[in-house]
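Everything below concerns the one structure shown next.
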Amino acid sequence: MESLTPKDWSVEIVTRGRDGHIVYHENSCAASFYWEFGGGDIVAIIHAGKAVAWDEKYPWARGRREEVLERVIEEVIRQKAQTCTASIDEKRGEMLFRKQ
């Protein structure tokens, strides 16, 4: 498979008060995730869903969940959370953004 460059994908962040959604666009395909502000040291939580359902929900990104989620993390930090670090909680299917 040909390697994608940042011009082939993008991340859109939509805010509705204290929550919203993230849309990862890749060519003509998209994956959408719900996000909300956190509490304590957690600034925001993006709900990506569990890995077991990924290939069925996003067949165009089969086997590439980690790659897509890492791109989302990179872009959320770049666009909105420059003072945060992020991790993926696989058990809960969430990306957690914490204050540095």
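All of the numbers you see were taken from the coordinates with simple rules; none came from a lab. These numbers come from a predicted model, not from an experiment. Positions of Cβ are generated from backbone atoms using ideal geometry, with glycine treated the same way; all protein chains shown enter the neighbour counts.
Contour minus end-to-end for Gln82 and Arg98, with contour as 0.36 nm per residue of separation and end-to-end as the Cα-Cα distance? Don't jump to the answer; show the numbers that get you there.
Working: separation 16, 0.36 × 16 = 5.76 nm, distance 1.06 nm.
Length gained, Gln82 through Arg98: 4.7 nm.
Looking at the chain, identify the longest residue range that excludes and avoids all GluC sites (Glu not before Pro) in DSSP loops having at most 15 other Cβ atoms within 10 Å.
Numbers: sites that count: Glu2, Glu90.
The reported range is 3-89.
Compute the Cα gyration tensor for the range 6-99, then decide on rounded, prolate or oblate, letting a ≥ b ≥ c be the square roots of its eigenvalues: rounded whenever a/c is under 1.5, prolate when a/b is larger than b/c in the other cases, and oblate in all that remain.
Values: a/c = 1.75, a/b = 1.37, b/c = 1.27.
Prolate, because a/c is 1.5 or more and a/b exceeds b/c.
How about Lys57: which lysines have a C-alpha closer than 22 Å to its C-alpha, ignoring those fewer than 8 places off in the same chain?
Leaving aside lysines fewer than 8 places away in the same chain, those within reach of Lys57 are Lys91.
Rounded to the nearest 500 deg cm²/dmol, what is the calculated helix-only ellipticity per residue at 222 nm for the chain, with -39500 (n - 2.57) per DSSP H run of length n ≥ 4?
-6500 deg cm²/dmol
For the range 1-85, what does the relative contact order come out to in percent, with C-alpha contacts under 8 Å and a separation of six or more?
18 percent
What is the order of Cys84, Cys29, fewest Cβ neighbours within 10 Å to most?
Numbers: Cys84 18, Cys29 12.
Listing Cys84, Cys29 from fewest to most nearby Cβ atoms yields Cys29, Cys84.
Using +1 on the beta carbon of Lys and Arg, -1 on that of Asp and Glu, and nothing else charged, what's the dipole of the chain about the Cα centre, debye to 20? Present the calculation step by step, with values, prior to reporting the outcome.
Working: 15 positive and 17 negative charges, 56 e Å.
In debye, rounded to 20, the chain gives about 260.
Which of the lysines could be linked to Lys80 by a straight reach, that is with a Cα gap under 18 Å, when you skip same-chain ones fewer than 8 residues away?
Lys99
Among Ile77, Ile22, Ile88, which comes first, then next, by fewest other beta-carbon atoms within 10 Å? Don't skip to the end; give the middle numbers.
Details: Ile77 15, Ile22 22, Ile88 19.
Placing the least packed residue first, the sequence is Ile77, Ile88, Ile22.
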